[in-house]
Each structure stands twice: as C-alpha cells, then as structure tokens.
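First the structure, in the form of structure tokens, and then the observations on it.
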Amino acid sequence: MGRLDGKVAIVTGAAQGTGAAIARLFVGEGARVALADVRDAQGEALARELGANADFIHLDVTRAEDWQAGVARTSERFGGVDVLVNNAAILLLAPLTQISREDFLRIVEVNQLGPFLGIQAVFETMKRRGGGSIVNIASTDGIKGMNGVSAYASSKWGVRGLTKSAAMELGRHAIRVNAICPEAGNPNMSAPFMPGNPDLSEVPHRMMQAILKSPPHVGPESRVLDVARMALFLASDESLSCTAADFVVDAGLTAGQFQKLAPSA
C-alpha cells in the first residue's frame with residue numbers, strides 16, 4: 001500500500017530538479033499527480049514516463065488564471081486536489097547594490113506570489129474534500145543571511161511567513177501548511193551566475209561532504225531525494241499533527257559553527 005494512495009497532488013516546477021523528484025516519488029507512492037511547469041517539453045516527457053497517474057499542465061505560477069485553469073483540469077481528471085507542493089522558484093545571485101527593481105520584483109513574483117496564488121487556488125477543492133496538505137519549498141536562505149542572495153532570501157523568508165499565516169487561517173478546514181527549508185536543490189540553478197555557466201550536476205551536498213569522511217550516498221541525487229522524502233512525509237497522513245512548521249533539510253548547515261579549539265568527540 002502506498003503512502004499517498006487515493007491522494008491527488010499538484011507539484012509546481014515539476015519538469016526538472018527537486019520538483020521532478022517529488023513527482024516521481026509521489027506517483028510511486030500511489031498519488032495521482034499534476035506536473036505543473038512552464039517547460040512544456042520536459043514536463044510532458046516526464047508525465048508520459050510516469051504513466052496514467054501523471055498529467056502535465058502548463059502553469060505560470062505568477063498568473064492567477066493559470067492556477068485556476070490548472071486546478072480545474074486536475075479536478076476534472078483526478079477528482080480534486082489533496083496536496084499542493086509549491087516548489088517552482090527562480091534564483092538571482094548578485095550584489096545587493098546591483099539588483100534592479102525589476103529583477104527584485106521578478107524574484108518575489110515567482111517565489112512568493114506564486115505560492116500565495118496557489119494556496120488561494122486550491123482552497124475550495126481542499127475544503128470540499130475535507131482537508132489537505134500544502135507544502136511550500138522555502139530555503140535555508142529563508143532562515144539565515146548570506147551575501148549575494150538578498151532578493152532570493154527575501155522571497156524565501158516571505159514564504160515562511162506565508163506558511164505560518166496560511167496554516168492559522170486554513171487549519172479549521174483541516175488544511176495543513178508547512179515549509180521545507182533545503183540547503184540546496186537543483187545545483188544548476190546557480191550555474192548561470194558563474195563564469196562559463198558550468199554544469200554543476202555532480203556538485204555534492206557541501207555539508208554532508210564536510211561532515212562525513214566517505215559520503216558516496218550523499219551526492220546531488222540523494223540531496224534532492226532528501227527534500228522529496230520530506231515532502232512525501234508532509235503530504236501523507238503520517239504528518240497530521242504537523243502544521244505551520246519549518247522542516248530543515250540541510251545536513252546541519254544552520255546548526256551553528258563548529259569551534260575547532262573547543263572540546264569535541
């Protein structure tokens with residue numbers, strides 16, 4: 001028996017990276033999944049690969065009309081929506097003083113407004129179905145600061161605030177809202193901001209590599225799968241007592257600083 005048997009999910013940004021990993025895992029655990037993205041060719045190919053329990057929908061998360069159409073299509077095909085994973089996001093790495101107003105607002109529009117519109121769009125169908133689970137993919141950049149990510153971090157801090165406020169409002173309808181804060185997802189999100197636009201697919205989980213002496217099991221694939229597994233837990237009925245919370249998946253990155261001169265095992 002699958003952990004998501006009988007559930008219907010929408011996963012945004014599902015054509016690649018973390019979203020694709022979440023979609024694969026959800027289908028494997030018995031869910032019927034709408035793969036939402038603006039990358040039509042990749043999304044359609046993945047939906048075909050996953051079979052009858054997957055459907056691709058073109059969805060620009062910044063457009064309320066796209067959300068309405070996507071929820072309507074998913075409800076028509078699969079009967080409603082029980083789970084929403086707000087995963088779609090874009091990154092900007094730049095000095096604070098060089099970020100234009102337009103670039104800042106574009107980050108906020110996709111990363112913060114997108115989840116807000118998604119929550120609005122699925123509310124009625126979740127309420128009719130007796131509840132649901134909304135999982136917002138935030139970031140460790142939403143719980144700490146770092147140079148070069150002022151726009152991105154602002155949007156992810158906002159996602160955490162949205163998560164807690166939405167959980168308070170929707171809880172009486174048995175709709176849970178949680179946030180996952182990964183250390184990183186698809187490493188190639190950073191590639192366009194680096195010299196030569198390198199392929200970063202094989203970049204390992206930096207914290208796991210530092211903590212473990214021999215970590216072949218914590219490469220890029222397992223890093224994304226860790227996030228997907230947390231999303232699976234939060235989407236399932238195993239987490240019925242979890243709402244308004246941040247679930248950090250970062251191998252200890254935000255735990256603090258290891259003091260080399262202090263006593264240690």
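Per the listing Gly118, Gly142, Gly130, the residue uniquely under 14 Å from the mean Cα position of the chain (by Cα) and either hydroxyl-bearing (Ser, Thr, Tyr) or over 18 Å from Val11 (Cα atoms) (or both) is Gly142. In the condition set (1) part of a helix (DSSP H, G or I); (2) under 17 Å from Ile137 (Cβ atoms), Ala34 is compliant with all but (1). Residue check: Val11 meets all listed conditions (1) surrounded by 16 or more Cβ atoms within 10 Å (Cβ to Cβ); (2) not in a strand (DSSP E or B); (3) not acidic (Asp, Glu) but one, namely (2). If we keep just the residues of the stretch 67-82 that are of a type outside the set (A, V, I, L, M, F, W, C) and under 21 Å from the mean Cα position of the chain (by Cα), which is surrounded by the fewest Cβ atoms within 10 Å (Cβ to Cβ)? Among those residues, the one meeting the criterion is Gln68.
Among residues that are closer than 22 Å to Ala20 by Cβ, in contact with a Pro (Cβ under 6 Å, 6 or more places away or on another chain) and in contact (Cβ under 8 Å) with a residue 12 or more places away in the chain, Asn53 is not included. In summary, helices (runs of 4 or more DSSP H) completely within the stretch 83-186 and bearing 1 or more residues that are surrounded by 20 or more Cβ atoms within 10 Å (Cβ to Cβ) and touching a strand residue (DSSP E or B) at 6+ places or on another chain (Cβ under 8 Å) occur at 114-128, 150-170.
In the stretch 47-66, of all residues being more than 20 Å from Ala31 (Cα to Cα) and out of contact with any Asp or Glu (no Cβ under 7 Å at 6 or more places or on another chain), the one that is surrounded by the fewest Cβ atoms within 10 Å (Cβ to Cβ) corresponds to Glu65.
Here is the figure for the stretch 150-195: residues that are over 13 Å from Ile119 (Cα atoms), among the polar types (S, T, N, Q) and at pLDDT 95 or above total 3.
If you go through the stretch 47-63 one residue at a time, do you hit one that is farther than 17 Å from Ala235 by Cα, in contact with a Lys or Arg (Cβ under 8 Å, 6 or more places away or on another chain) and either part of a helix (DSSP H, G or I) or charged (D, E, K, R) (or both)?
Scanning the stretch 47-63 turns up at least one residue that is farther than 17 Å from Ala235 by Cα, in contact with a Lys or Arg (Cβ under 8 Å, 6 or more places away or on another chain) and either part of a helix (DSSP H, G or I) or charged (D, E, K, R) (or both).
Just one of the listed residues (Val108, Val61, Val85) is under 24 Å from Gly2 (Cα atoms) and among the aliphatic types (A, V, I, L, M), and it is Val85.
The values are calculated or read from the model by the stated rules, or taken from the named source; none is laboratory data. Keep in mind the model is a prediction, meaning the values are calculated, not measured. Backbone-built Cβ (ideal geometry, glycine too); neighbour counts: all protein chains shown.
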